[in-house]
Amino acid sequence: MTARLSFASLPAAHPPAVDPRELTVGIVHLGLGAFHRAHQAVFTEEAARLTGSTGWGIGGVSQRSTAVRDQLAPQNGLYAVLTRGPGDPSIRVIGSIRDILTAPEDPQAVVDRIAGPEVAVVTLTVTEKGYRAAAAGGLDLTDPEIRADLTGRPPRTVVGQLAAGLARRAELGAGPLTIVSCDNLVANGPFLRRLMEDYATAAGAPAGLAKQLEVARFPASMVDRIVPATTAADRDEAARLLGVRDEAVVVAEPFLQWVIEDDFAGPRPDWDRAGAVLTDDVAPWEQAKLRMLNATHSMLAYLGGLRGYETIAQAVRDEELARLAQQLMTSDVVPTLTPPDGLDLTAYGASVLERFANPALKHRTAQVAMDGSVKLPVRLLGTVRDRLAANAEPRLASLAVAAWMVYVARGQDVNGRPLSLDDPQADKLRAALQGSGQEPRQLVEALLGVESVFGPDLRESETFRGLLTGHVTALTS
């Protein structure tokens, strides 16, 4: 039986860049999923290698299940990143994650970890829905978990964990904290600050929390790397390359990017030495990525899923879908963007489709299609609004939204196979559709009426409604 990856079985040919046993925790990361392990954890380890710093080990927090802890703990926190590009795959063992907590098991331990005086930075990848924001912006104070955290229980929401951790830091006299959101949200840093301020106000503005919020920094950031779900075949491939079994291996494309607003409350890892871009203005990078890469990803997930394609690579090899994806970027998105210095939007759009076409990744359309109700507003609806404001018809962006509507309403692909609705607002979407008829116009009216997705402005737009109805008619005929 093949040994499992650990300090004892570490392959001599694949050591981590820094000896993990020398690292102390200086970063807490909330949301210990595959993306973090293939992105921020890699940047952090590379920065440590280049600078010799040992103070930036990561204390990871899994927000939901024990699965990641159960994978990593027997491996001394070690795992591999299996990189799949055009040629042969490569593999690298990472050791920057030094501590693993599971929030539902011990929420107070999470608070204590954030409060630790040795911690200077908290990073987050909790997906859009993890922030529990209201449709109109700000924190959703009607959310039952937020309300429960506000009663003073050991917190279970991300905002509650951060608030309790900051309050505890005030009690301990710990220094100011930098909190870096790495999720696909517009102006994610200021957005998270607003949620925290809303929570503090609802909690009665306790002095310690208010003081810590005053000195905390919430820099915006933009992250980019395609990280599909790991399969059994990936684990077998990793075992072949390593010579030991890795139950926590993650898969990624070669491309890796991180743009961070240079606004920190105290010390930070030298992520820029590892290739991250530190800038005064993340917004142009963020807009280009959200509206070009993420929006096109969603379009291909819904159109491709409806056509029966299991992976994004299969969808983008469909000539018609590739053409539509290209037109979405060139016709609807690019006119709404001001590119940052050094970014050629035409070349960037071509690179997006080239990356999506990588057959080695096997990024499932169903995975990308998840959580559409919270992804559409940040990926596509901003483009729709900007084009409408310019008296232009957002035909391709509307097609992507219409594909989501049909995906939600139909629930099966062209071959009759089920398309699951994995969405935090699934019940609300089903309820909206329950009272509607089967005609395209009725379907559009029903889903446009979900204000937490579209808002009143888009619901009342005759141009947008007309485009959606035309596209839904074509997609369902």
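Of interest is the spacing of the C-alpha centroids, which for the range 325-396 and the range 94-118 amounts to 36 Å.
For the pair Ser420 and Glu214, the difference between a 0.36 nm per residue extended length and the Cα-Cα distance amounts to 69.8 nm.
Relative contact order of the range 20-279, taken over Cα pairs closer than 8 Å and 6 or more residues apart, is 23 percent.
Only helices enter the 222 nm calculation for the chain: every DSSP H run of n ≥ 4 contributes -39,500 (n - 2.57), and dividing by all residues gives -12500 deg cm²/dmol, rounded to 500. Antiparallel DSSP bridges in the chain: what percent, to the nearest 5? Antiparallel: roughly 30 percent of the beta bridges in the chain.
Expressed as cubic angstrom per residue, what is the convex hull volume of the alpha carbon set of the range 283-476? Present the calculation step by step, with values, prior to reporting the outcome.
On the way: hull volume 21.2 nm³, N = 194.
Per residue, the Cα convex hull of the range 283-476 comes to 109 Å³.
If R0 is 51 Å, the Cβ-Cβ spacing of Ala136 and Arg21 corresponds to a FRET efficiency of close to 0.55.
Tell me, in nm to one decimal, what length is gained between Glu105 and Thr476 on full extension, where the rule is 0.36 nm per residue of separation less the Cα-Cα distance? Numbers along the way, then the final one.
Details: separation 371, 0.36 × 371 = 133.56 nm, distance 4.58 nm.
Full-extension gain reported as 129.0 nm.
A simple spin-label model places pseudo-atoms 7 Å from Cα toward Cβ; at Ala389 and Thr66 they are separated by 4.9 nm.
Can you give the relative contact order of the range 283-476 as a percent, counting alpha carbon pairs under 8 Å and 6+ residues apart? Don't skip to the answer; put the middle values down first.
Values: 249 pairs, mean separation 48.4, N = 194.
RCO, the range 283-476: 25 percent.
In whole angstrom, note down how far apart the Cα centers of the range 16-66 and the range 74-91 are. Going from one Cα centre to the other spans 15 Å.
What full-extension length gain, to one decimal in nm, is calculated for Arg441 and Asp263 as 0.36 nm per residue of separation minus the Cα-Cα distance? It would help to have the intermediate numbers written out before the result.
On the way: separation 178, 0.36 × 178 = 64.08 nm, distance 4.78 nm.
Here the segment from Arg441 to Asp263 would lengthen by 59.3 nm.
For Glu310, nonlocal amide neighbours, meaning residues 5 or more places apart or on other chains whose placed amide H falls under 5 Å from its own, do not occur. Ranking Ala34, Ile97, Gly52 by how far each Cα lies toward the positive end of the dipole of the range 1-144 (charges on Cβ) leaves Ala34 at the top.
By the scheme Lys and Arg +1, Asp and Glu -1, what is the net charge of all other residues having a beta-carbon under 11 Å from that of Arg217? Neighbour charge sum, excluding Arg217 itself: -2. Overall, the ratio between the Cα radius of gyration of the range 40-102 and 2.2 N^0.38 Å, rounded to two decimals, is 1.24. Once C-alpha pairs closer than 8 Å and six or more residues apart are averaged by separation and normalised to the residue number of the chain, the relative contact order reads 14 percent. Which shape class applies to the range 275-374: rounded if a/c is under 1.5, otherwise prolate when a/b exceeds b/c and oblate if not, where a ≥ b ≥ c are the square roots of the Cα gyration tensor eigenvalues? Cα axes put the range 275-374 in the prolate bin. For the chain, the membrane-span-like helices by this rule, meaning whole DSSP H stretches whose C-alpha atoms cover at least 18 Å of axis and whose Kyte-Doolittle mean is 1.0 or above, are 395-410; this says nothing about an actual membrane.
Read the figures in this text as sums done on the coordinates, not as results from a lab. Remember, it's a predicted structure, so these values are computed and weren't measured experimentally. Positions of Cβ are backbone-derived with ideal geometry, glycine not excepted, and every protein chain shown enters the neighbour counts.
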